[in-house]
1. Read through the list (1) touching a residue at least 40 places away in the same chain (Cβ under 8 Å); (2) surrounded by 18 or more Cβ atoms within 10 Å (Cβ to Cβ), then give the number of the only condition that residue 189 fails.
2. Take the stretch 93-144 and flag every residue that is under 24 Å from residue 165 (Cα atoms), touching a strand residue (DSSP E or B) at 6+ places or on another chain (Cβ under 8 Å) and not in a loop (DSSP other than H, G, I, E, B).
3. Given the criterion within 13 Å of the chain's Cα centre (by Cα), surrounded by fewer than 20 Cβ atoms within 10 Å (Cβ to Cβ) and either in contact (Cβ under 8 Å) with a residue 24 or more places away in the chain or farther than 21 Å from residue 92 by Cβ (or both), identify the matching residue among 160, 182, 143, 153.
4. Restricting attention to the stretch 45-65, report how many residues are over 23 Å from residue 162 (Cα atoms) and touching a helix residue (DSSP H, G or I) at 6+ places or on another chain (Cβ under 9 Å).
5. Would you mind finding the one in 99, 11, 23 that is farther than 28 Å from residue 127 by Cα and either surrounded by fewer than 12 Cβ atoms within 10 Å (Cβ to Cβ) or modelled with pLDDT under 95 (or both)?
6. Restricting the search to the stretch 114-124, which residues are modelled with pLDDT of 85 or more and under 22 Å from residue 75 (Cβ atoms)?
7. Anything in the stretch 195-216 that is touching a residue at least 12 places away in the same chain (Cβ under 8 Å), more than 20 Å from residue 77 (Cβ to Cβ) and touching a strand residue (DSSP E or B) at 6+ places or on another chain (Cβ under 9 Å)? List them, or say none.
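The values are calculated or read from the model by the stated rules, or taken from the named source; none is laboratory data. The shown structure was predicted, so the numbers you read here are calculated from the model rather than taken from an experiment. Cβ atoms come from the backbone with ideal geometry, glycine included; neighbour counts cover every protein chain shown.
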């Protein structure tokens, strides 16, 4: 439907990574974040001040289709980069926004979390600015920097530096560089897949629930047993 509207008014459809594809709840499940966090970061949030006045937090991520409340693969990558801040450091929404605005100004980028500069000097700029707001110790700064680096390492980019594939964290505080479960906007409508087999992870869970063994599926898909276990671990995290 979105494609039809774009074609009818003469404007080209958005590139695959920018197409509205995910609800906030679906993005939350993929990234292992609370749905309320995704909603607040992407669509804002109303709240009451201590004086009882109604106020609103403005979003920190620009969603692909705000009217339809849908997010793109590129949005998913932005949220993934910020995920450690919410999961481990509990940085508040206003302070995230302030630090991102600081990055936008210094990097000259509207979407600094997707910019290749973020991998070089952008992380240091963000950590330095956020640390002043949060009064974070030097060890805390190093931890925050490390979380950014781990998140960025799980995003695959093309030659132009644009994100093309995301390997979401499967376990909390995951340290290893395993790349078994992937989200690719050009494969399976951008739903999580077991990359070595090209099959959606929920299919593997369905087969397991129906009685197929891990070894049977590993043989069928010609992947390692450990890969099937990772796909199941990912899906069980989604269910939880």
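1. It is condition (2) that residue 189 fails.
2. The one that is under 24 Å from residue 165 (Cα atoms), touching a strand residue (DSSP E or B) at 6+ places or on another chain (Cβ under 8 Å) and not in a loop (DSSP other than H, G, I, E, B): 116.
3. Numbers: 160 fails: within 13 Å of the chain's Cα centre (by Cα); 182 fails: surrounded by fewer than 20 Cβ atoms within 10 Å (Cβ to Cβ); 143 fails: within 13 Å of the chain's Cα centre (by Cα).
Of 160, 182, 143, 153, the one residue that is within 13 Å of the chain's Cα centre (by Cα), surrounded by fewer than 20 Cβ atoms within 10 Å (Cβ to Cβ) and either in contact (Cβ under 8 Å) with a residue 24 or more places away in the chain or farther than 21 Å from residue 92 by Cβ (or both) is 153.
4. First, pick out the residues of the stretch 45-65 that are over 23 Å from residue 162 (Cα atoms): 45-58.
Filter once more, so that each one left must be touching a helix residue (DSSP H, G or I) at 6+ places or on another chain (Cβ under 9 Å): 45, 57-58.
The number of residues fulfilling the criteria is 3.
5. Working: 99 fails: farther than 28 Å from residue 127 by Cα; 23 fails: either surrounded by fewer than 12 Cβ atoms within 10 Å (Cβ to Cβ) or modelled with pLDDT under 95 (or both).
The conditions single out 11.
6. Of all residues in the stretch 114-124, those modelled with pLDDT of 85 or more come to 114-118, 122-124.
If the condition is that a residue be modelled with pLDDT of 85 or more and under 22 Å from residue 75 (Cβ atoms), then 114, 115, 116, 117, 118, 122, 123 are the ones that fit.
7. Selection gives 199, 204.
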